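First comes the structure, then the notes that go with it.
The values are calculated or read from the model by the stated rules, or taken from the named source; none is laboratory data. Only a predicted model underlies this, so the values are computations on that prediction, with no experimental measurement involved. Heads up, the Cβs are rebuilt from the backbone with ideal geometry, glycines too, and the neighbour counts pull from every protein chain shown.
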Amino acid sequence: MRGLTNDQACAVVFMCARFHKLLQDPVQMAIRALRDAKGCTDLSTCLKGLGANGSVIGASLCEMQVLQGRATKLIDVEAKARERLASNGRVKPAIPDAKMRTAIRQVLLEEVNGHVEFDDVDDFWSSRWAWCVNGGYSRARERFSPLDEASISGRLHRRAASESWAENIVKRWDGSVYVTPSPKLEHGKTRLILSCDTLSYMAFEHLLKPVERKWRGRRVILDPGTLGTTGTAMKMQAMQERAGKLRAMLDYEDFNSQHWNSVMKILFEELCRHVGYPADLAATIVNSFDNVLLVLGTELAGTILDTLMSGHRATTFINSVLNAAYIIAVSPTAWAKMTSMHTGDDIFAIFATIAEFEELVDAMRKVGLRLNPMKQSVGYITAEFLRCAVTDFGAIGYYPRSVASCISGNWVNDNALEAEESLNSMLNSARSLINRACGQHLVALLLVPSLMRQTGLSRTNIENLVTGRMALRGGPCYSQTPVYRSASLKVVRATENVQNDLPSHATEDYLTHHVAPAERLGLELSGANVTEDMRASSYSKSFPELFGSRVKPKGGVQAVALGRETFETLRGSEVAWQVLRLKKPEGELVKYPLLNLIKSRLSRSDLASILFEEGIEVENDIERQCWGVSKEGCVIDGFLPYSDAASLGSRSQTRFCYQRYPIYF
């Protein structure tokens, strides 16, 4: 393994563990995969083209190029960004704007049921503490629009920046979008990210968040995470049973670069008209696509010519809607005949005949839409959507991708994880490795020595946790018998906030205008200093040394321990995927952000008092009633992704769920 990096050497070990029962010379194959990234890419193309990616061996060989790790195939960020200032040979798809408008209208009519309610802009602004996410904050706008400057120095995230503005800056947005480029280090490649400024994010958030809540997701799926991997696989199977067996996977090539300003403007003209968005705000939104400005260092390099920015608030929305609209525009007949799902640049479709598939692909190519042949396949054996191969016998993810994520998420990381974080992260990784290895526990046992060092827990306990024989209390365990085996995790952690004079405008606005009676009662009962908690929520990511700094026990190691192991016999059983289809319990108090912030300080009697004041009768499982989640975990008989298995605890009545259609993901 001479010449390999540490993360690549780790990958070899994980691949050998998987290959040792599949191949005659597992070590040679694993090392060769790391030495020949292009060969791995070509192999993946062949496997997917043949439908072999849905087999046990094929899924273990697919996409091994990701094992190269991050910071590979580096790019010239500035040069790549400057390409967006000119056409560089890009040709607009030959679809008349009138056809695109009609197609976009059809998508919106199918997916959004009429008028949508939007917050008053002032109410929207004063509630920003509740909705502003912790994404990266760029200071590019500040250099050219000093009025929008955040009054806090240093590296910031959006939530922290939102605390610095007293005045409603969304109301004065002129539609300009400042863009800064950066490299995104992905597994096996480096991608250009074009991030948009926070003010434009806020303006589009005002429009899109209410629309996304009303979105039906019939064929255009804005958030596939809501279905989960199991839900997506079962939906694909159901589509095939209804519509036919010819499965097609299509993927647009460099999709962001295929959108033109005129088309994106039409999309938002039609969206704003369809949902009743205020005309003055709509005009600014629409015109912003002609005013996207590239900033390189301190230089305003120019106006970006067409194309969609990868870091725009509307990137997923635009890609997903236009993904479907292009097909409607070029072949309305194909759209009517085929059954399909569209998200981002991915398409999964069912066709009656190969001729119908060829007709659509030919029509798309004829107008200049570019498809990625590497991610394109058609056949009767295997379907792929969102990197999950689905067959009649089960769904499976690609093992090398799980290896790459495990390594970069647990060892190759800028931020050292503390014991509790490391344990939770590795349990998730362990289940992903086991599932994609079709139940081979050896691949997860490789994590044991590292977890023992980081947590101080015994080998026996760690082995039971990573293999799923035992659960952390409230999480899933995997067994063919209805016995829930678990232990609680005890963490020794102290927090302290350092005195500081950072501004709190978002916090103060929220407390002044948006505190509900239930929240006031909860604050009174808990005695919490909610102002400081809110400021910590806004600033802890940008200034961890000031807010919520963790004080570690002597020796610098966070102390964790397992409580007494318990065994609970369960009665009855349910089909896992049917339980996952049930609506997740919302929780009576989830809608109150401040109660969510202090829920660890609210006792059962406090919760009962709040429910009583709300006129709600108290149930036995008050945790589930209030928060929509239960502290009770479940037993899984079969193969399910960790995230789907964990969500069953709050939905299942019996807490023993079996899955006969395996989801090896």
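Search the range 125-152 for residues being touching an Asp or Glu at 6+ places or on another chain (Cβ under 8 Å), at pLDDT 85 or above and not in a loop (DSSP other than H, G, I, E, B), and hand back the single one that is surrounded by the most Cβ atoms within 10 Å (Cβ to Cβ). For the range 125-152, the residue satisfying everything is Arg141. You will find that of Gln454, Gln440, Gln376, the residue that is closer than 30 Å to Ile354 by Cα and either over 23 Å from the mean Cα position of the chain (by Cα) or in contact (Cβ under 8 Å) with a residue 60 or more places away in the chain (or both) is Gln376 and no other. In the condition set (1) within 30 Å of Lys73 (Cβ to Cβ); (2) assigned by TED's automatic domain parsing to the domain that holds Trp335; (3) of a type in the set (Val, Ile, Thr); (4) out of contact with any strand residue (DSSP E or B) (no Cβ under 8 Å at 6 or more places or on another chain), Val133 is compliant with all but (2).
Close Cβ contacts (under 9 Å, 6 or more residues apart or on different chains) running from residues in the range 635-655 that are on the phi > 0 side of the Ramachandran plot to residues that are small (Gly, Ala, Ser) comprise Gly638/Ala576; Arg655/Gly572; Arg655/Ser630; Arg655/Gly633; Arg655/Gly649. I'd like to check something: does the range 252-260 contain any residue that is touching a residue at least 40 places away in the same chain (Cβ under 8 Å), closer than 17 Å to Ala103 by Cα and in contact with a His (Cβ under 7 Å, 6 or more places away or on another chain)? Looking through the range 252-260, none of the residues is touching a residue at least 40 places away in the same chain (Cβ under 8 Å), closer than 17 Å to Ala103 by Cα and in contact with a His (Cβ under 7 Å, 6 or more places away or on another chain).
Rundown of residues vs (1) over 17 Å from Val112 (Cβ atoms); (2) assigned by TED's automatic domain parsing to the domain that holds Gly136; (3) touching a residue at least 40 places away in the same chain (Cβ under 8 Å), yes/no style:
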| site | (1), (2), (3) |
| --- | --- |
| Met234 | yes, no, yes |
| Glu241 | yes, no, no |
| Leu271 | no, yes, yes |
| Thr298 | yes, yes, yes |
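If you go through the range 47-56 one residue at a time, do you hit one that is free of Cβ contacts under 8 Å to residues at least 24 places away in the same chain, more than 21 Å from Tyr664 (Cα to Cα) and either outside any helix (DSSP H, G or I) or not assigned by TED's automatic domain parsing to the domain that holds Val378 (or both)? No, that holds for no residue.
Scanning the range 487-508 for residues that are touching a strand residue (DSSP E or B) at 6+ places or on another chain (Cβ under 9 Å) and either at pLDDT 95 or above or of a type in the set (A, V, I, L, M, F, W, C) (or both) yields Ala487, Leu489, Val491, Val492, Ala494, Val498. None of Leu594, Leu611 is in contact with an Asp or Glu (Cβ under 9 Å, 6 or more places away or on another chain), touching a residue at least 12 places away in the same chain (Cβ under 8 Å), hydrophobic (A, V, I, L, M, F, W, C) and surrounded by fewer than 20 Cβ atoms within 10 Å (Cβ to Cβ) except Leu611.
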